[in-house]
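Peer 1: Okay, handing you the structure first.
The values are calculated or read from the model by the stated rules, or taken from the named source; none is laboratory data. Every value quoted in this text rests on a predicted model; they were computed, and no experiment measured them. Methodologically, a virtual Cβ is constructed for each residue, glycine included, from the backbone with ideal geometry; neighbour enumeration extends over all protein chains shown.
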Amino acid sequence: MKNTLQLFVAFIVLSLGPSWAAADGHADIEKLRQEIESLKKIYENRISELESKIADVESQPKARSSTGHSHSHAPATATRSVKDNSSNPSIGMVLNGRFNQYSVDGEAEVAGFALGHEGERKGAGFAVDHTELNFSSNVDDKFYGSSTFAIAEHDGETEIELEEAYVQTLPGFLADGWSLKMGRAFWTLGYLNEHHSHADDFSDRPLPYRAILDGGYNDDGFEVSYVIPSDLYTEVGMGLFRGNDIPFGGPDGKGHGSRSMFARFGGDVGANHSWRMGVYKLTGESVSGRKAGHGNVVTFIGDTDVQILDLRYTYAPTGNAREKEIIVQHETFWREENGTYEDTEDTPGAGAVAVNWDRDKVGSYSQLVYKFNPQWRVGLRYAELIPPPAPAAIAGSHIDGGGFTPEMTSVMVDWTNSEFSRVRLQHNDAQLAAGQNDSQFMLQYIMSIGAHGAHKY
């Protein structure tokens, strides 16, 4: 509008200028030009005021009534705007299927460790693994909510499990850098625990997660964290939980409460390198007994501490991780137990004898994943467990390692067509107990439908 007015005024001046010059001389022309310039400035100021008023009106929040007509949502002085969320959840489903083939039939034991159900080897043959259904959405301007249901087959029966159901604060609610998460979730404990298994780099969880955390620790409680404002990424936090999951509670036993602490650090090195490390501690007490082992035959009562150290390094040769990427990852686990063990299978009928136990169990894994083009990756992983010597009273039981060190070497290749689909082939050379060399082949597909949260695809 301003440009149009300027052109119009200029046209008048140029058009009338010659005739005025001939009639009245240069003095009159100059006077007229000054008057026109004054008028132009007045109109420009008025136009600016009108544009400012229009912008203010457009910036005010609007809402629609049930009849579809627009009306004022709030007084002009209000700054908070909360939108209706009655029909806005993101809904997604993850389809996970596999074919497993093992050279060792039956239940594969892990020397020195009584596995929980989720830590046991998947069944042989064709099977539908965890199918997940997720609902998530911002609750309002202060909170975010998410729930995940897993449909799985246990002992030939299809079950629906509530894996996660939590709310989390959004930025701006608490002080800068603070976050609060409440409900049931896979809590901050090592690198993989926060991720659902379908987002892992391999078809199965590493041995330490299976033997020490029963695949992963999810429990009811809350967690608070704080990101320290510094050039180096630094996050600290703590949590309080019910203690109803392994390593505290078991399938039939309940814990007495658990708590966690963690600290994570990380940063970038140039445009191609990044790193992250973390230290974590989870501690609690099993009062009524943590049950584990096939058939829940092993019971532990006492205190348990789990400590984890994780390290992760990534390198993008081209500067773009979507094209090529090398990932090196390592985690070490320590599980300290102080209490009593009972093995009902070892002493059937007459009842088990409680055996004092004060020992540490150690596990670790290291893996390398190489993405050599946007769709193809190869990976190598080595994992081992170090069980402590067992007292003579429970020699030969599930928790007697017999001096054997379980270990597993895994090789995988996967093809990712898009962020929604992945197919993976994997081979495990598993030596988990004396006299058992299990050659394992796994063919897996992972397909996502609808909305899905960001993960390590």
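Peer 1: Answer yes or no as to whether residue 185 is in a strand (DSSP E or B) and surrounded by 23 or more Cβ atoms within 10 Å (Cβ to Cβ).
Peer 2: Values: in a strand (DSSP E or B): yes; surrounded by 23 or more Cβ atoms within 10 Å (Cβ to Cβ): yes.
For residue 185, the condition - in a strand (DSSP E or B) and surrounded by 23 or more Cβ atoms within 10 Å (Cβ to Cβ) - is met.
Peer 1: Looking at 288, 203, 230, which is the one that is among the polar types (S, T, N, Q) and either closer than 19 Å to residue 331 by Cα or in contact with a Ser or Thr (Cβ under 7 Å, 6 or more places away or on another chain) (or both)?
Peer 2: Values: 288 fails: either closer than 19 Å to residue 331 by Cα or in contact with a Ser or Thr (Cβ under 7 Å, 6 or more places away or on another chain) (or both); 230 fails: either closer than 19 Å to residue 331 by Cα or in contact with a Ser or Thr (Cβ under 7 Å, 6 or more places away or on another chain) (or both).
None of the other options fit; the residue is 203.
Peer 1: Next up: Inspect the range 209-221 for any residue being surrounded by fewer than 18 Cβ atoms within 10 Å (Cβ to Cβ) and farther than 26 Å from residue 129 by Cβ and give the result as yes or no.
Peer 2: No.
So that you can scan it fast, the table gives a plain yes or no per residue for (1) of a type outside the set (A, V, I, L, M, F, W, C); (2) surrounded by 14 or more Cβ atoms within 10 Å (Cβ to Cβ); (3) under 23 Å from the mean Cα position of the chain (by Cα); (4) over 30 Å from residue 402 (Cβ atoms):
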| site | (1), (2), (3), (4) |
| --- | --- |
| 114 | no, yes, no, no |
| 121 | yes, yes, no, no |
| 125 | yes, no, no, yes |
| 144 | yes, yes, yes, yes |
| 162 | no, no, yes, yes |
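Peer 1: Here is a list of conditions, (1) surrounded by fewer than 17 Cβ atoms within 10 Å (Cβ to Cβ); (2) within 26 Å of residue 130 (Cα to Cα), and residue 268 meets all of them except one; can you say which number that is?
Peer 2: (2)
Rundown of residues vs (1) under 21 Å from residue 173 (Cβ atoms); (2) touching a residue at least 60 places away in the same chain (Cβ under 8 Å); (3) outside the structural domain of residue 179 (by TED's automatic domain parsing); (4) assigned to a strand (DSSP E or B), yes/no style:
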position: 223; (1), (2), (3), (4): yes, no, no, yes
position: 231; (1), (2), (3), (4): no, no, no, no
position: 240; (1), (2), (3), (4): yes, no, no, yes
position: 245; (1), (2), (3), (4): no, no, no, no
position: 248; (1), (2), (3), (4): no, no, no, no
position: 257; (1), (2), (3), (4): no, no, no, yes
position: 260; (1), (2), (3), (4): no, yes, no, yes
position: 271; (1), (2), (3), (4): no, no, no, no
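Peer 1: Okay, moving on. What is the residue count in the range 186-199 for residues that are over 19 Å from residue 261 (Cβ atoms) and either within 8 Å of the chain's Cα centre (by Cα) or without any contact (Cβ under 8 Å) to a residue 40 or more places away in the chain (or both)? It would help to see each step written out before you state the result.
Peer 2: Taking the range 186-199 and keeping what is over 19 Å from residue 261 (Cβ atoms), we get 195-199.
Among the residues that remain, those that are also either within 8 Å of the chain's Cα centre (by Cα) or without any contact (Cβ under 8 Å) to a residue 40 or more places away in the chain (or both) are: 195-196.
Number of matching residues: 2.
Peer 1: Tell me which residues, restricted to the range 429-446, are surrounded by 15 or more Cβ atoms within 10 Å (Cβ to Cβ), of a type in the set (S, T, N, Q) and more than 19 Å from residue 113 (Cα to Cα).
Peer 2: Listed by number, the residues that qualify are 440, 444.
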